[in-house]
Amino acid sequence: MWRLKVSEGGGPGLRSVNNFLGRAVWEFDPDHGTPEERAEVDRVRREFTDRRFDKRESQDLLMRMQYAKQKHLQVDLPAIKPVDSAEVTEETILTSLRRALSQHSSLQAHDGHWAGDFSGLMFIMPILIFALHVTGTLDTVLSTEHRREICRYIYNHQNEDGGWGG
């Protein structure tokens, strides 16, 4: 299972002047999580793939699941939707504000930044793959799990017409 590591260092060749503040790296650990958590991740992935043409962004669902577990938060507080004839009360506004604050807080990393998906498929991915291929480090840098996730990412972001443009 993939897990997000925030503000942690890297190998001996990686240096930081701010102790890696704001650095976010996904790490694969096949033994991480319970069988139920791994099943939930698989379910979320399947649902995203099934709805990829309707909802283009991943909404960082895996990150949200991890943060909610770490922070013991209820991510989906009930929404209050007043009907047209209902008066908007102070309690309605406060409940909505609490819901927004809870949602926003659930996305904040422990070091204070907000990690998130950068959907730069056509910008970053080809450059990365090309650079790794040219330098002969493709298989060294990208594990089997990384290659599988790259393929999943590319497939999930492909347009209905087969292209990737906007």
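The values are calculated or read from the model by the stated rules, or taken from the named source; none is laboratory data. Computed from a predicted model, the values in this text were never measured in an experiment. All Cβ positions, even for glycine, are placed from backbone atoms using ideal geometry, and neighbour counts span all protein chains on display. These area figures cover heavy atoms from the full protein model, side chains too; ligands, DNA and RNA do not enter into them. Shrake-Rupley method; radii C 1.70, N 1.55, O 1.52, S 1.80 Å.
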How large is the helix-only mean residue ellipticity at 222 nm for the chain, computed as the sum of -39500 (n - 2.57) over DSSP H runs with n ≥ 4, divided by its residue count, in deg cm²/dmol to the nearest 500?
-14000 deg cm²/dmol
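Which FRET efficiency value, to the nearest 0.05, do you get for L21 and L142 by plugging their Cβ-Cβ distance into 1/(1 + (r/R0)^6) with R0 = 30 Å? Before the final figure, lay out each step's value.
On the way: r = 26 Å, r/R0 = 0.86.
After rounding to 0.05, the efficiency reads 0.70.
May I ask for the net charge around E27, where only other residues with Cβ less than 13 Å from the Cβ of E27 are counted and Lys, Arg are +1 while Asp, Glu are -1? Walk me through the numbers on the way to the answer.
Details: positive: R3, K5, R23; negative: E8, D29, D31, E145, E149.
Result for the local shell: -2.
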Let me cross-check K69: its accessible surface, 1.4 Å probe, with only protein heavy atoms counted, in Å² to the nearest 10?
110
What net charge is computed for the residues neighbouring M1, neighbours being all others with C-beta under 9 Å from the C-beta of M1, Lys and Arg scored +1, Asp and Glu -1?
-1
Could you check the spin-label model distance between T92 and R152? Points 7 Å from the Cα along Cα→Cβ, value in nm.
4.1
